[in-house]
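This report refers to the structure that appears directly beneath it.
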Amino acid sequence: MRGATRVTWAFGCATVVTLAAAGCGGGGGGGAAAGSDAGIVRAFWTDPQNPLEPANTNEVQGGKVLEMTFRGLKRYNPRTGKAENAVAESIKTDDQQNFDITLKKGWKFSDGTPVTAKSFVDAWNYGALVTNKQVSSYFFEYIDGYDDVHPENESAKPKAKKMSGLKVTGKNSFKVKLNQKFSQWPDTLGYAAFSPLPGKFFTDHENWLKKPVGNGPYKVDSYTKGQSMRLSVNKEYAGPDKPKNKGVELKVYTDQNTGYTDLQAGNLDVFDELPAGQLKNAERDLDGRYINQPAGILQTLSFPLYRKEWQTEKAKQVRVGLSMAINRKEVTEKIYQGTRKPAGDLTSPVLTKSGGYEPDMCGEVCQYDPKEAKKLIEDAGGLPGGKVTLTSNVDTGSHRQWMDAVCNSINNTLDKNDACTVNPVPTFSEFRKDIAGKKLKSMFRTGWQMDYPLIQNFLQPLYYTDASSNDAGYSDKRVDKLIDEANAAGEEEAVGKFQKAEEIVLKDLPAIPLWYQDGNAGYSERVSDVRLNPFSVPVFTDIRVK
Amino acid sequence: MGRYVIRRLLQMVPVFLGTTFLIFVMVYAVGDPVNAMFGDRAPDPATAAQLRAQFNLDKPVWMQYVLYLGDIFTGDFGNAFNGQPVTELMSRAFPVTLRLAVIAIVIEIIIGIALGVVTGLRRGRPVDSSVLMLTLLVISVPTFVTGTLAQYLLGVKWGWIPPAVSPEAPVGELLLPGLVLALLSLAYVTRLTRASISENARADYVRTALAKGLPRRRVNTRHLLRNSLIPVVTFLGTDVGNLMAGALVTERIFNIQGVGFQLWQGIVRQNSPTVVGFVTVLVIVFLLANLIVDLLYAVLDPRIRYG
């Protein structure tokens, strides 16, 4: 067993380390920087929540490492968000369901072993198999045979270890069969979960976790969990975006404010989690070395459509009224200092207009208009039960502040002190439990962070009948049909169909769009060319060290 | 003496079981940690079920506790949810915090007791009043203010020290955090020593010693100070435990990856094995520190005997 280290050992070590450090203390720390760190980017990091396996990483801090150490079939262009071929030479299909994939030759993992079709197929099978407990398994759900390796039922055992939809046809080619038509599927392949894995991952898993080996522009030199990771340039890297620096050092910080102080003191170069309290003065503090750019995150307010009182036509009108009663502009400027932008559709600016982003789709419904809002709600017979509550977890993201602001906005609109009350839930996991149990009776916060920059990802998981994150319980045959059609259509036609579906959703308004979230970062004088990709991860390969 | 220690050690067993059980129940009652691992989205039920089974979360609480305790006795504190053994976290965090705590305690003892003696012997004089004022000031300003202020001035404004402590946390880098951490207790130690000294200064044994013709210096150090230290030692004993566990604020400000930080992170991520494991060790530290304090009484005051 992995954890069976003796306690006595821990204590023994404790004393030894204390003595040793006391003996040599004083000199070490500060001076070590200059010589060995030349050309190295020092970046903020916190401990990733889960082990660093590609299909087991779903948050930014782990994502940062994967973006540096792995390249999949595709990669999202850090500027445009478009999926472009990376390891893939071509991905072809005639029917939007069966895909022929060929790989470019000459790609290698940093340990020198070649990247082959098998590296992908094995990795995907590993990620999908339920007994491997990978939190991002659902990325493979469209591949034929996923249900056999990952049954939906909690207690069911997997029937197979490999997905029947994956077939290796040669050293550098394989076939994928999906369980439904999905024209944009190749564009999902830029996500880290689809990364290839070297043989070592399967044969020597324990050591692989200690020092992950991938095929990306950087390789891991050393990894001390909870402290730091040092990465240097991967000489085997075959992609076009070769690093413009000599390496990256990720430093774990105990607190965002400490990271910010270290950035100001010049001991840290790239800092992508600015503390909320500093946003106001960050631009000035850092002399403009501050980035604020769209991230693929949308905040919405959902309604429990599984409850009778929210299903009626009148309730729909109330929802429109509520949407118009919210002063989005004021909240995003006063509370979030412009790091959120008022939302006008259900997607995100990172998609760009050609990808389906349409800021005016919601139109007047998302504009603040208290008079009209009051009229609409009163015409519909007032709020169901005379009042609404607004529920969200309050442990992160300054949620409490905007909840109060939104409720005030609604109360002022309706000239009633108790029309809207907030119901703060202490932790996210409790909040999630209430949502999953369909226990909420009134409005609640739903945030969506995209998995890949596709309009499909902003609609299908959220508004398709019984979809995995359809928390409102929304169901509309026309929307389902349009999404099915979009998936079966060619890529360009698909966007238009998705937008039609989105229009219907916005008419029914199961969720009120609130604001688009931005990613922000600050950087030191020592570096230049710092920017964030659509997932708010710094593009390390581009960073130059002065 | 030996029998007394054994009796005390035996008494620790029920205390240990009781506290760990309470902590265990409290941590596990907070919510479902598996949900938190999936970020801002609904967990997929099959994977969640697998994870729950791995961490024994699918069993009733009492059974989880029994399983957990069984593992602890074999030296296995379980794995944090990122797969890292909790013992590994401990072996890294405790030395760091221990170093920080030792620095703080040394500062408290040296400066605190010295100030206490000086003020205690010069009651009502200007030195006394000004030190009293200063301690009042220190007690009323919260640690996060002194900490961030010191960090900003010394680390950013004047650039004398790196504001963040490196992961290895050498003693030199821990001096400032240690001082910040010690300030509050230092004020208390000063006040305790001062009160105790000024009270005992009029005691019979001091007068006797002086009447016998012992030099003032010897009376003060060997008789007066030794007897006056009992309340201070009691305070320092409990403070060791506090410094080990309660350095959370200081540790976060100065980027010290010690016990307080690990506990904080464990709580935020609902990482129950980490929280319960660390607290269990802290319980032992508290119990042992108290035992040592009690034994020190006998050393300091010859009238106290343990049988």
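The values are calculated or read from the model by the stated rules, or taken from the named source; none is laboratory data. Owing to the predicted nature of the structure, the values given are computational and were not obtained by experimental measurement. Heads up, the Cβs are rebuilt from the backbone with ideal geometry, glycines too, and the neighbour counts pull from every protein chain shown. To get the accessible areas, we keep the full protein, side chains included, count just its heavy atoms, and leave off ligands, DNA and RNA. Shrake-Rupley method; radii C 1.70, N 1.55, O 1.52, S 1.80 Å.
Quick notes on this one:
- Qualifying residue in segment A:262-278 (condition: within 25 Å of A:CYS407 (Cβ to Cβ) and not polar (S, T, N, Q)): yes
Quick grid of which residues meet (1) within 14 Å of chain A (Cβ to nearest Cβ); (2) under 18 Å from the mean Cα position of the chain (by Cα):
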{"position": "B:THR97", "(1), (2)": "yes, yes"}
{"position": "B:ILE107", "(1), (2)": "no, yes"}
{"position": "B:LEU115", "(1), (2)": "no, no"}
{"position": "B:ASP128", "(1), (2)": "no, no"}
{"position": "B:VAL138", "(1), (2)": "no, no"}
{"position": "B:THR146", "(1), (2)": "no, no"}
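- Residues within segment A:463-481 that are touching a residue at least 12 places away in the same chain (Cβ under 8 Å) and open to solvent by less than 30 Å² (accessible area, probe 1.4 Å), tallied: 8
- When we screen B:THR238, B:THR234, B:THR208 for residues that are at negative phi, open to solvent by 10 Å² or more (accessible area, probe 1.4 Å), without any contact (Cβ under 8 Å) to a residue 40 or more places away in the chain and polar (S, T, N, Q), the only hit is B:THR208.
- Flag for B:THR221 being among the hydroxyl-bearing types (Ser, Thr, Tyr), closer than 17 Å to B:ILE113 by Cβ and open to solvent by 50 Å² or more (accessible area, probe 1.4 Å): yes
- Members of segment A:403-440 found to be in a strand (DSSP E or B) and open to solvent by 30 Å² or more (accessible area, probe 1.4 Å), listed by number: A:THR421, A:VAL422, A:ASN423, A:PRO424
- Index of the failed condition, A:THR389 passing every other in (1) part of a helix (DSSP H, G or I); (2) over 24 Å from B:VAL268 (Cβ atoms); (3) open to solvent by 40 Å² or more (accessible area, probe 1.4 Å); (4) of a type in the set (S, T, N, Q): (1)
- Complete set of residues in segment A:510-533 that are in a loop (DSSP other than H, G, I, E, B) and either open to solvent by less than 10 Å² (accessible area, probe 1.4 Å) or at positive phi (or both): A:PRO510, A:SER524, A:ASP529
- Total residues in segment A:127-142, condition hydrophobic (A, V, I, L, M, F, W, C), surrounded by 24 or more Cβ atoms within 10 Å (Cβ to Cβ) and not in a helix (DSSP H, G or I): 1
- Taking the criterion of being polar (S, T, N, Q) and under 11 Å from A:VAL331 (Cβ atoms), the residues of segment A:392-408 that qualify are A:SER398, A:GLN401, A:ASN408.
- The set of residues from segment A:36-55 being surrounded by fewer than 24 Cβ atoms within 10 Å (Cβ to Cβ), outside any loop (DSSP other than H, G, I, E, B) and either in the same structural domain as A:ASN125 (by TED's automatic domain parsing) or out of contact with any Lys or Arg (no Cβ under 7 Å at 6 or more places or on another chain) (or both) comprises just one member, A:SER36.
- When A:GLY259, A:GLY226 are screened for being farther than 17 Å from A:SER528 by Cα, facing chain B (nearest Cβ under 10 Å) and surrounded by 23 or more Cβ atoms within 10 Å (Cβ to Cβ), only A:GLY259 passes.
- Residue in segment A:455-462 that is in a helix (DSSP H, G or I), among the polar types (S, T, N, Q), within 14 Å of chain B (Cβ to nearest Cβ) and in contact with a Ser or Thr (Cβ under 9 Å, 6 or more places away or on another chain) present: yes
- Among the criteria (1) under 28 Å from A:GLY190 (Cα atoms); (2) surrounded by fewer than 16 Cβ atoms within 10 Å (Cβ to Cβ), the one A:ASP484 does not fulfil is (2).
- Residues (assigned to a helix (DSSP H, G or I) and within 7 Å of chain A (Cβ to nearest Cβ)) located in segment B:41-85: B:PRO45, B:ALA46, B:THR47, B:ALA49, B:GLN50, B:LEU51, B:GLN54
- Of the residues examined, A:TYR368 is not one that is open to solvent by 10 Å² or more (accessible area, probe 1.4 Å), more than 28 Å from B:ARG269 (Cβ to Cβ) and touching a Pro at 6+ places or on another chain (Cβ under 6 Å).
- Lone unmet requirement of (1) within 14 Å of chain B (Cβ to nearest Cβ); (2) over 18 Å from A:PHE535 (Cβ atoms); (3) part of a loop (DSSP other than H, G, I, E, B) for A:ASP95: (1)
- Selection within segment A:262-277 - open to solvent by 30 Å² or more (accessible area, probe 1.4 Å) and more than 12 Å from every other protein chain (Cβ to nearest Cβ): A:GLU273, A:ALA276
- Scan of segment B:246-278 for residues that are hydrophobic (A, V, I, L, M, F, W, C), crowded, with 21+ Cβ neighbours inside 10 Å, assigned to a helix (DSSP H, G or I) and touching a residue at least 24 places away in the same chain (Cβ under 8 Å), ordered by number: B:ILE253, B:VAL259, B:PHE261, B:VAL275, B:VAL276, B:PHE278
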